[in-house]
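The values are calculated or read from the model by the stated rules, or taken from the named source; none is laboratory data. Bear in mind the structure is a predicted one, so any value in this text is a computation, not a measurement. As a convention, Cβ positions derive from the backbone with ideal geometry for all residues, glycine included, and neighbour counts pool all protein chains shown. In case anyone asks, the SASA skips ligands and DNA or RNA and just uses the protein heavy atoms, side chains included. Shrake-Rupley method; radii C 1.70, N 1.55, O 1.52, S 1.80 Å.
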Amino acid sequence: MPLLNKVRTAVSGGPGGDTASLSLTRLRVALTLFFALDGFLFAGWVVRIPAIKQQTGASAGDLGLALLGVSAGAVVTMTLTGRLCRRYGSHAVTVATAVLLSLSLALPPLTRSPLALGLVLLVFGAAYGGINVAMNSAAVDLVAALRRPVMPSFHAAFSLGGMLGAGLGGLVAAGLSPTAHLLCLTAAGLVLTAVAGPVLLRHPSPAPPESLPTRPAGGARSGEARSGGARSGQARSGGARSGARGTVLVFGVIALCTAYGEGALADWGALHLAQDLHAHPGVAAAGYSLFALTMTAGRLSGTALLERLGQTRTLVAGGLTAAAGMLLGALAPTVWAALLGFAVTGLGLANIFPVAVARAGAVAGPSGVATASTLGYGGMLLGPPSIGFLADWFSLPVALTTVAVLAAGAAAMGLATRGNRAGDPARTT
C-alpha cells in the first residue's frame, strides 16, 4: 500500500512527506466538495417542498408520510453502508452514492400524488443516508491521518452548501418550476462528482489511527509503535464493551436531538414562513438559507469556541441557545422575528453534532463515531415526518416547538456528561 507508507513517512518527517501531504490535501479538498454537494442538493430539495406539496395535493399528514420515505430509505441504507465501505472502500461508496443522490433529486417534481412522492423519496433517502455514512467514514480516516481536528470544517462545508442551495432556491422559486430547478441541480451534482470523484477513487483511505506511529519509524521502534497502537485499539475496544457503550449512546442521543432540529427546519421552515406568516416565496426560502448561514459561521468558529469554553460548556450553551431561538422562530407573530429565531437556532445547533460525534469517538474509537453518526442522521431524517404528524394533530408552530424541547434536552445531557473529558479539544495539544 504505497499511500500508507507515504503517510507513515510523512508523519515521521522523513522523505516523501511532501508527496503524502499533497495527497492528503487533495483528499481533503475533494471530500470537502462532497460534503458541500450533499448540503447543496438537500437544500435544493427542501426549498421546493411547498411547491411539490401543492403539486401533489398533499395535506400536512400526507406530506409527513411521504417524507417518511426519506427516513425509511436512509435508515435501511445506513445499516448496509458500513459493510459496503469495508468491502469496496469509503471513497468508492461516496462517489457512487453521490451519483445516485444527484439522479434521484430529479424524481420528486415528476410525481402527482403523495404515494408516488413517497416512493421516489425512498430512493432519495437511500442515497442521502448512504453518502452521509460513507463521507463521515472517509472523514474519520482522513482526520486521523492528518492528526488535526478538522472534522468541523467538513460539517461547515455541508452547512455552506445548504446555505448556497437554499439561497439559489429562493432566487429562482418564483420564476423557475421545481422540475427545471431540480434537473439543473442534478446536472450540477453529476458534474461536480465527475470532477472530485476521481481524486477519491485514485487514492485509498489513509491509515487508521492505530496504523500511524507516534514516534519516528525505523526498525524495532517502528514495530513497537505499531504494536502499541494495536494494544491501544484493543484496550479501547475492551473499554467500549465493558462500559463505554452507554456513554456513546448518550452522545448519539445528543446528536439525534440536535439533528432533529436541523431536519425539521430544512423541511418545514419554509412552509411555516409561507403558510403561517404569509411570507413571499423568496423570503420563505431564505429562512433555511439564514439558518444554514449562521450554522456555517458557528462551525467555522467552533475550534476557537471549544478552546475557550471546553466541550461541556459548548454543548450546554449551544443547546440552550438553540432552544430559545426555536421558541422565537416557531411562535413569533412576524416574519422578521421568526427569521431571527431561525438564525439564533443555527448558531446554537452549529457545534453540538460535531462535538457529540467527536466525544463518542474519543470514548470508543471508530465504532463510537459510527454509532453517534447513525443516531444523529436518524434524528435529522425522523424529525420531518414527526413534525408533519404533530402539525396535523395540533398546528405547525406548536409542532416546531419540539425542536426547542429536544435542544434543551441535549443541553441537559451534555451537562450530565461533564465528568467525561475524553477527547476535549480544549485540552488536546
Checklist line | Selection status of R221, surrounded by fewer than 19 Cβ atoms within 10 Å (Cβ to Cβ) and either charged (D, E, K, R) or at pLDDT 90 or above (or both) | finding: yes
Check: So which residues in segment 313-323 are open to solvent by 60 Å² or more (accessible area, probe 1.4 Å) and either of a type in the set (V, I, T) or at pLDDT 95 or above (or both)?
Finding: L320
Margin query: Just to verify a result, which residue in segment 78-110, among those that are farther than 21 Å from L381 by Cα and in contact with a Ser or Thr (Cβ under 8 Å, 6 or more places away or on another chain), is modelled with the lowest pLDDT?
Written below: C85
Notebook entry, point to check: Out of (1) more than 30 Å from R26 (Cα to Cα); (2) buried (at least 20 other Cβ atoms within 10 Å of the Cβ); (3) free of Cβ contacts under 8 Å to residues at least 40 places away in the same chain, what's the single condition that is false for L121?
Noted result: (3)
Next item on the list: Within segment 358-372, track down each residue that is open to solvent by 10 Å² or more (accessible area, probe 1.4 Å), closer than 18 Å to N132 by Cβ and modelled with pLDDT of 75 or more.
Entry: T371
Next item on the list: Could you tell me whether segment 166-181 includes any residue that is within 18 Å of the chain's Cα centre (by Cα) and either among the aliphatic types (A, V, I, L, M) or assigned to a helix (DSSP H, G or I) (or both)?
Entry: yes
Checklist line | Residues satisfying the stated conditions in segment 298-312, i.e. within 24 Å of T32 (Cα to Cα), assigned to a helix (DSSP H, G or I) and open to solvent by 50 Å² or more (accessible area, probe 1.4 Å) | finding: L300, T303, A304, L305, E307
Check: So which of A116, A126, A139 is open to solvent by less than 10 Å² (accessible area, probe 1.4 Å), out of contact with any strand residue (DSSP E or B) (no Cβ under 7 Å at 6 or more places or on another chain) and part of a helix (DSSP H, G or I)?
Finding: A139
Next item on the list: Among the residues of segment 143-184, write down those that are surrounded by fewer than 20 Cβ atoms within 10 Å (Cβ to Cβ) and closer than 20 Å to G368 by Cβ.
Entry: L146, R147, R148, P149, V150
Next item on the list: Look through A292, A279, A270 and report the one residue that is farther than 14 Å from V403 by Cα, in contact (Cβ under 8 Å) with a residue 40 or more places away in the chain and not in a helix (DSSP H, G or I).
Entry: A279
Next item on the list: Find the residue count for segment 185-218, including only residues that are among the charged types (D, E, K, R), at pLDDT below 50 and either surrounded by fewer than 17 Cβ atoms within 10 Å (Cβ to Cβ) or under 23 Å from the mean Cα position of the chain (by Cα) (or both).
Entry: 1
